Amino acid sequence: MTKKIVIASHNQGKLLEIRTLLEPFQLDVVGAGDLSLSEPEEPFATFIENALHKARHVSRLTGYPALADDSGLCVDHLMGAPGILSARFAGLDKSDEKNNQKLLDLLQNVSHRKAYFNCCVVLIRHEFDPDPIISIGKWYGEIANSQSGGNGFGYDPLFFIPELNKTAAQLSLAEKNQLSHRAKALNGIIQALQKDSYFNN
């Protein structure tokens, strides 16, 4: 029997990545936006607390298992900012273009541009799940001096991977799903799913 799982996100780029990675499983994957659910607040100071809060919110509203992630870009020179505020770095309207421009402005004439993406993924079987499945992934790189590439979303056009000599936005979805912070975190979820009796009966 196919189990439904709700992804606690309205971000279509993120949903596409997650759906692609979960394809091998017999899961009916739907997004919170597809169900016209409200976006939960992210009131906490850490990725893990926000991800768990979002998962419980969606599971409470739907009665289904829920998967949520909280992810963001952490820049060394900015002491980990934008961090949990990555989506709203330049304001509440969540503009990728404005966020990227603000980041470039803050790093103008800065030589140390090391950064990493952090992703915390939480999967709960029900709202009151006492043992959520939690996985964290990180993707290391640096901030480019200008935007390049037309793929991806968010800070991808600025996130430069030196060993590939490309930004994340210059990678195909297949390439990104091998390397990204979200892919690494979801791989941990996938490994847990393979052994979890709830999803395998």
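The numbers here are math on the coordinates, done by the rules we state, and not lab data. Fair warning: this is a prediction, and the values are worked out from it, not measured in the lab. Please note: Cβ atoms are built from the backbone with ideal geometry, for glycine as well, and neighbour counts cover all protein chains shown.
Which residue is surrounded by the most Cβ atoms within 10 Å (Cβ to Cβ), if the candidates are limited to the stretch 140-170 and must be acidic (Asp, Glu) and more than 17 Å from residue 12 (Cβ to Cβ)? Full working, then the answer.
Kept after step one, since they are acidic (Asp, Glu), are these residues of the stretch 140-170: 142, 156, 163.
From what is left, the residues that are more than 17 Å from residue 12 (Cβ to Cβ) are 142, 163.
Values: 142: 17, 163: 8.
Here the answer is 142.
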- Every residue from the stretch 21-32 that is surrounded by 15 or more Cβ atoms within 10 Å (Cβ to Cβ) and out of contact with any strand residue (DSSP E or B) (no Cβ under 7 Å at 6 or more places or on another chain): 21, 25
- Item | Any pair with Cβ under 6 angstrom, 6 or more apart, that starts in the stretch 10-34 at a residue that is of a type in the set (D, E, K, R) and ends at one that is surrounded by 15 or more Cβ atoms within 10 Å (Cβ to Cβ) | 17/182; 19/29
- Query: How many residues, within the stretch 75-94, are under 13 Å from the mean Cα position of the chain (by Cα) and crowded, with 16+ Cβ neighbours inside 10 Å?
  - Reply: 4
- Query: Can you name every residue in the stretch 46-86 that is hydroxyl-bearing (Ser, Thr, Tyr), assigned to a helix (DSSP H, G or I) and more than 16 Å from residue 124 (Cα to Cα)?
  - Reply: 86
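Quick one: which residue in 146, 197 is of a type in the set (Gly, Ala, Ser), more than 22 Å from residue 100 (Cβ to Cβ) and out of contact with any Asp or Glu (no Cβ under 8 Å at 6 or more places or on another chain)?
Values: 146 fails: more than 22 Å from residue 100 (Cβ to Cβ).
On inspection, the qualifying residue turns out to be 197.
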- Do the conditions hold for residue 161, that is, is it of a type in the set (Val, Ile, Thr) and touching a Gly at 6+ places or on another chain (Cβ under 8 Å)? yes
